[in-house]
Amino acid sequence: MPRHLILRLGQAFLVMVGVVALTFVITRMVPGDPAVAYAGPRATPEQLAEVRERFGLDEPLWVQLAVYVRDLATGDWQTSLHTRRPVLEDLYHAFPASLELVGAGLVIAIAVGVPVGVLAARFRGRFPDFSVRLTSMLAVSLPVFWLALALQTVFGSTLGWFPVAGEYDGSLDTTSPLTLWTNITVVDALITGNWPILTSTLAHLALPALVVAAYPAGVIAQLVRATLIEEASQDHARLERALGFRETTILTRFALRPALNPVLSLIALVFAYAIVNGFLVEAVFNWPGLGRYAVSAISHSDTPAVAGVTLLVALMYVFANLVVDLLQGVIDPRTRAR
Amino acid sequence: MRWHKRLLVAGVAGVVALAASACAGGQVRGAGGSPRPSTGGTPAGQTATQDNEATFVYAPNLDVVTDWDPATSYSNEIIALSNIYEGLTRYNAATKEAEPRLATEWSSADGGKEWTFKLRQGVKFHTGAPLDAEAAKKAIERTMKSNGGAAYIWGAVDKIETPDDATLKFTLKYASPMDLIASSGYAAYLYDAEALEKNEDDVKNGKLDVGTGPYTIDSWRKGQETELTLKAFEDYWGGWRPEQYKKVAFRVTPEITTAWQLVQRGEVNFVQRLNPQLFQQAGMTEGVQAKQAPSFQNLLVLFNTAEGPAKDVRVRQALQHAIDYDGLVAALKGAGQKAGGLVPPGLLGHTTGLEPKQDLDKARALLQEAGYGPDNPELKLTLTYAQGDEDQKLLVTLLTAALKQVNVTLQARAMPWNAQWDRGKKGDQDIFVMYWFPDYADPFSWFFNVFRSAEDVQFNLSYLKDGAIDEAIDKLPELAATDPLAADQAYADLQKKIIQEKAAVAVPYVQTYQRALTADVLGYVDNPAYPNVVFFYDLKPAG
Amino acid sequence: MSAMPRVARLPRVTDRFALAGAVLITLIALAAVLAPWLAPHPPGEVDPLNALSPPDGEHWFGTDAAGRDVFSRVLHGGQTSLLIAVAVLAVSATAGVLLGVVAGYAGGWVRDVIMRITDVFLAFPALLLSVALAVVLEPSVTTVIVAIAVTWWPWYARLSAATAASIATRPYVDAARCLGVPAIMIILRHVLPNSLTPVLVQLSLDAGGVILTAAALSYLGLGAQDPTAEWGLMVEQGQTLFTTNWWVVTFPGLAILLTAFAFNVLGEGLRDALDPRRIVK
């Protein structure tokens, strides 16, 4: 096996060990007795003892860790103390909704961030540049949970332009039930041509997606501006200028394409960031995704659920990075040298 | 070519995600339906006997069901289960007495140690089996054996006999008010135990219920917004009138502001709790009824009588005097009512004349006597309370500020219940704040569970150990069963002793429910013995 | 990719953004430090009979559910937020720079071990790790500092390792080595001081992020506890009152925004003066 492959696999393995160890710590080192959390507020000592035995809470810690790892591997991610269902099943239901929200947020972020960044670069040092830089800095400075509350109150409650919370109007389940293929409501509604659910979901999606989009839009605008300015000072831009192309043409026809490369790389970073940031947004908008699940788990001290979310997001992140690195090693041998 | 890598990360993440979610394979979401509520009752011109096709939508703030087993259920599902299952009796908050439900009449003998209940005739379980004495006995015995949830309420029962099909005879180990116990919101349901045991998995998964109540499960989808729908049980012993609601849906709405929006738009019919500000708004909103009702739930501020500085009774009395009772009730803006003693109004043993008042001068003097206060070294006290409870937080904020004036620093920590309780059982704090409510409409649990001494601390979180108090508590059930007047006096004396003499607790307020309903719903009555329960069978739309 | 910034020159302080940011931060810091004198009320002073009264001449930002003056609490909240930011950055930058400089100077297996550990931490979504840690630890300001610092130091380690590696190969360092100066002295006298400039810029860029993360943790109930005045916590406490009593939520939220904004503006200005290309995390 090539050296770089072993190295990468080793590193990914290390990260996973770290993640699993961390989640184990989360499930066991909770303040309070997990048995009480499961058995209920007025449990008798006998009930507690029974729960302890059932979940192996009376075993030594290293036995518990071994059992924990074995269970994870066999797909038993413990039972949520709060929903009392397998955590893995809960995650399976919550994840598509998060993907939908973050996806919509990123689409908005790109649609706004790129043109605005071009605008700023084109008029560098002048008013449009100034206002774009200012606005993008504001966008990355906004506390998401506060922005979510503010938009919900203003556009949801006071003005009534958008629904206040939820993923779509629940009564549509009766009038035009949705057939599931991907579990992502918008996508399913689109491919099955379910217009009532599609429009309802889009209306519900608008405000939370805007909130999720704020930070990435700001970052993307700043990055596009910076890269365009750098590209415009390259030799090829000088040549194009000498050939008589106008400044706007140079930026959009020649400089933008290479400048988009770092933007694309940024999106992968922002994706993971947005999933976690979306937690706060989902809680406010009652969006049925990972975030609402995680926040409710936190407030109920539902440690198996918190550990499950942590594990899922981290493993996805690690796995995606690993696959990319390995693929890249195949595509572009130069990177193996690193 | 770094961007290729990042793009691939995004791509792979997407593929992983899709693979994880792409197994849905064309199933229909929400089969069974998530219905709309009634909008304004029947149109003009139609008679009131028009069949009510509307769905009554209830907006709970938490998951509707955590445990489907009628024996061990001890949580939010009381709202749903009280409409699916019934007990022998039901408590009437207006008359303060148990009323017939599955039992039509009852009597006690032998100083409250023997109880005979006559069962209602013609009652059928949802499984089709008839309710007879044997079935009732089986259900209660199964509940007792489960030893979970509130099963302890049957603790006095020595044996159950069935002299005939319609008679249930309880022999008790010690005198107890069985008619009240049988009205409990938890663990008192009569159910088809045989069918349950045969189909245990179906019952646990909400596919089947084995009750006698007016409603039966239509669909249950844990974790969904519309988690549970109920439908009318055709063969209900009480029969059905056309105008009654035949369908009920529960739409889980954690944020009260959202719930408020939904009731305003008529998307839900009932919101179990608003905050005072929204409640005030509800009172001025057309199309919405604002309903306020007293509860049986009060706040207990328990002082550590066993260890630490609060072991000194003067310190405890000073703490009692430091609480700004009137300010707290003012800031609660209607969500709570000043308490007088341990027992909330509406229950046997409620007393007047024990209403507390803030008196910082007295607190200062008492602290001075005990060696603390402004001229002495600072006193540090720890307090634990429930995480996420706005009202308790308000108490803590006010108490912290008041104590600061008398040179006492309060180190307050909000904790989830299990953590707080765990710590409490170890006696690891000076002040423990919690709500207490009875499982059945009787004040006994405030005394027996909270203030009777215990080697192994459960809810005696003031750690009070007093032989005379224990003795008095142990006499209460028999008194209640035989001589209510003497019981009332005994309850009053005990409260004086615990609050004034021992200063083991301060009781700042009794909670008040502030609810909102759509204006078109008639017949709603709050029953504090069944917290947050709506008996849907009793309702009808206006018009 | 060359992570070697051109650090030799100092930023032009004339950058409009940097200047505006610096002025804003100075004002915010002054308001926080002078809060005990500026605030019209003590932050813990309750007045239940005047709970939730709207902004007026007496209470500029209104009062909260316990009748506390929101203006005074916002001022005092600045102390908490700035304290958290300073503590997190100090801890993570110190740890990160030390490890990074050692790794960069030493190279070889030392560098490998340190950088692999760094990679492990970087492969973990930062806010998620903070949340996970904060759930396990008891909620407090200290918890917030620990939880954020744990996720922040690897960035400094990576940044200063790259700088240090480049400095370690410079002729004057070689010269020092040849003269027999001990490694520890070389690191302290030459490598460390020269690795600091990019770190300082990064610090001002990060301060905004730290403040936002800290507010988010407190908002989730994992950070500062009542009666501590903390902006994220204040937003959480007023959340259900937003439609009826907007002031309880609005002002602390604006305070977070303004502070994070000021740091971002300063960092952006400084970085732009050094290098127009953003190093995004």
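Quick rundown of the values:
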| quantity | calculated |
| --- | --- |
| Lone qualifier among A:Ala274, A:Ala259 - being modelled with pLDDT under 70 and open to solvent by less than 10 Å² (accessible area, probe 1.4 Å) | A:Ala259 |
| Helices (runs of 4 or more DSSP H) within the range B:168-247 that include 3 or more residues in contact (Cβ under 8 Å) with a residue 24 or more places away in the chain | B:178-181, B:193-198 |
| Spans of helices (runs of 4 or more DSSP H) in the range B:383-461 with at least 1 residues open to solvent by less than 10 Å² (accessible area, probe 1.4 Å) and closer than 20 Å to B:Gly340 by Cβ | B:390-404, B:444-448 |
| Per-region count, the range A:191-219, residues within 26 Å of A:Leu119 (Cβ to Cβ) and buried (at least 21 other Cβ atoms within 10 Å of the Cβ) | 12 |
| Filter result (within 12 Å of another protein chain (Cβ to nearest Cβ) and either assigned to a loop (DSSP other than H, G, I, E, B) or surrounded by fewer than 21 Cβ atoms within 10 Å (Cβ to Cβ) (or both)) within the range C:62-71 | C:Asp64, C:Ala65, C:Ala66, C:Gly67, C:Arg68 |
| Residues (in contact with a helix residue (DSSP H, G or I) (Cβ under 9 Å, 6 or more places away or on another chain) and under 18 Å from B:Gln500 (Cα atoms)) located in the range B:455-476 | B:Leu461, B:Ser462, B:Leu464, B:Asp466, B:Ala468, B:Ile469, B:Ala472, B:Ile473 |
| Test for B:Val252: is it closer than 24 Å to B:Glu77 by Cα, under 20 Å from the mean Cα position of the chain (by Cα) and more than 14 Å from chain C (Cβ to nearest Cβ) | yes |
| In the range B:89-111, the residues that are over 30 Å from B:Pro294 (Cα atoms) and in contact with a helix residue (DSSP H, G or I) (Cβ under 8 Å, 6 or more places away or on another chain) | B:Ser108, B:Gly111 |
| So B:Phe432, is it more than 17 Å from the chain's Cα centre (by Cα), within 21 Å of B:Ile469 (Cα to Cα) and more than 10 Å from every other protein chain (Cβ to nearest Cβ) | yes |
| Residue ranges of helices (runs of 4 or more DSSP H) in the range B:257-373 with at least 3 members touching a Phe, Trp or Tyr at 6+ places or on another chain (Cβ under 8 Å) | B:276-283, B:313-322, B:325-332 |
| Top-ranked residue in the range A:269-315 [being within 21 Å of A:Ser80 (Cα to Cα) and free of Cβ contacts under 8 Å to residues at least 24 places away in the same chain; ranked as nearest to the chain's Cα centre (by Cα)] | A:Phe279 |
| Members of the range C:235-253 found to be in contact (Cβ under 8 Å) with a residue 60 or more places away in the chain, closer than 20 Å to A:Phe279 by Cα and open to solvent by less than 10 Å² (accessible area, probe 1.4 Å), listed by number | C:Gly238 |
| Hits in the range A:58-105 (condition: of a type in the set (A, V, I, L, M) and more than 20 Å from A:Ala314 (Cβ to Cβ)) | A:Leu61, A:Val63, A:Ala66, A:Val67, A:Leu81, A:Ala104 |
| Index of the failed condition, B:Gln281 passing every other in (1) closer than 22 Å to A:Leu149 by Cβ; (2) over 25 Å from the mean Cα position of the chain (by Cα); (3) open to solvent by less than 20 Å² (accessible area, probe 1.4 Å) | (3) |
| Odd one out for B:Arg265, checked against (1) touching a Leu at 6+ places or on another chain (Cβ under 6 Å); (2) under 30 Å from B:Pro541 (Cα atoms); (3) free of Cβ contacts under 8 Å to residues at least 60 places away in the same chain | (1) |
| Residue, most open to solvent (accessible area, probe 1.4 Å), within the range C:35-61, restricted to residues that are away from chain B (no Cβ under 13 Å), touching a Phe, Trp or Tyr at 6+ places or on another chain (Cβ under 9 Å) and not hydrophobic (A, V, I, L, M, F, W, C) | C:Pro40 |
| Residue within the range C:264-276 that is free of Cβ contacts under 8 Å to residues at least 60 places away in the same chain and open to solvent by 10 Å² or more (accessible area, probe 1.4 Å) present | yes |
| Any hit, the range A:98-107, residues being open to solvent by less than 30 Å² (accessible area, probe 1.4 Å) and either touching a Cys at 6+ places or on another chain (Cβ under 7 Å) or farther than 18 Å from A:Gly291 by Cβ (or both) | no |
| Residue match in the range C:71-89 (condition: in contact with a Pro (Cβ under 8 Å, 6 or more places away or on another chain) and over 30 Å from C:Asn245 (Cα atoms)) | no |
| Long-range neighbours under 9 Å by Cβ, at least six apart or interchain, first residue touching a residue at least 60 places away in the same chain (Cβ under 8 Å) and under 15 Å from B:Thr384 (Cα atoms) within the range B:427-442, second assigned to a strand (DSSP E or B) and among the charged types (D, E, K, R) | B:Gln429/B:Arg413; B:Asp430/B:Lys380 |
| Within the range C:181-201, tally of residues that are open to solvent by less than 20 Å² (accessible area, probe 1.4 Å) and within 23 Å of the chain's Cα centre (by Cα) | 4 |
| The range B:202-230 - residue that is surrounded by fewer than 18 Cβ atoms within 10 Å (Cβ to Cβ) and away from chain A (no Cβ under 14 Å) and, of those, farthest from B:Ala71 (Cα to Cα) | B:Lys207 |
| Residue under evaluation A:Ala165, criteria (1) open to solvent by less than 20 Å² (accessible area, probe 1.4 Å); (2) free of Cβ contacts under 8 Å to residues at least 60 places away in the same chain; (3) at the interface with another protein chain (Cβ under 10 Å from one of its Cβ atoms); (4) within 24 Å of the chain's Cα centre (by Cα), criterion not met | (2) |
| Residues that are farther than 19 Å from B:Gln337 by Cα and surrounded by 21 or more Cβ atoms within 10 Å (Cβ to Cβ), drawn from the range B:488-515 | B:Tyr491, B:Leu494, B:Ile498, B:Ala503, B:Ala504 |
| Residues (modelled with pLDDT under 90, crowded, with 24+ Cβ neighbours inside 10 Å and aliphatic (A, V, I, L, M)) located in the range B:172-190 | none |
| The range B:241-262, residues that are open to solvent by less than 10 Å² (accessible area, probe 1.4 Å) and in contact with a helix residue (DSSP H, G or I) (Cβ under 8 Å, 6 or more places away or on another chain) | B:Gln244, B:Tyr245, B:Val248, B:Phe250, B:Thr253, B:Trp260 |
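Conditions tested, residue by residue: (1) open to solvent by 10 Å² or more (accessible area, probe 1.4 Å); (2) modelled with pLDDT of 90 or more; (3) facing chain B (nearest Cβ under 9 Å).
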| residue | (1), (2), (3) |
| --- | --- |
| A:Arg133 | yes, no, no |
| A:Val144 | yes, yes, no |
| A:Thr158 | yes, no, no |
| A:Leu172 | yes, no, yes |
| A:Pro177 | yes, no, yes |
| A:Thr182 | yes, no, yes |
| A:Ala189 | no, no, no |
| A:Gln222 | yes, no, no |
| A:Glu230 | yes, no, no |
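The values are calculated or read from the model by the stated rules, or taken from the named source; none is laboratory data. No experiment lies behind these values; they were computed from the predicted model shown. Note: ideal-geometry Cβ built from the backbone for every residue, glycine included; neighbour counts use all protein chains shown. All accessible areas refer to the heavy atoms of the entire protein, side chains included, with ligands and DNA or RNA removed. Shrake-Rupley method; radii C 1.70, N 1.55, O 1.52, S 1.80 Å.
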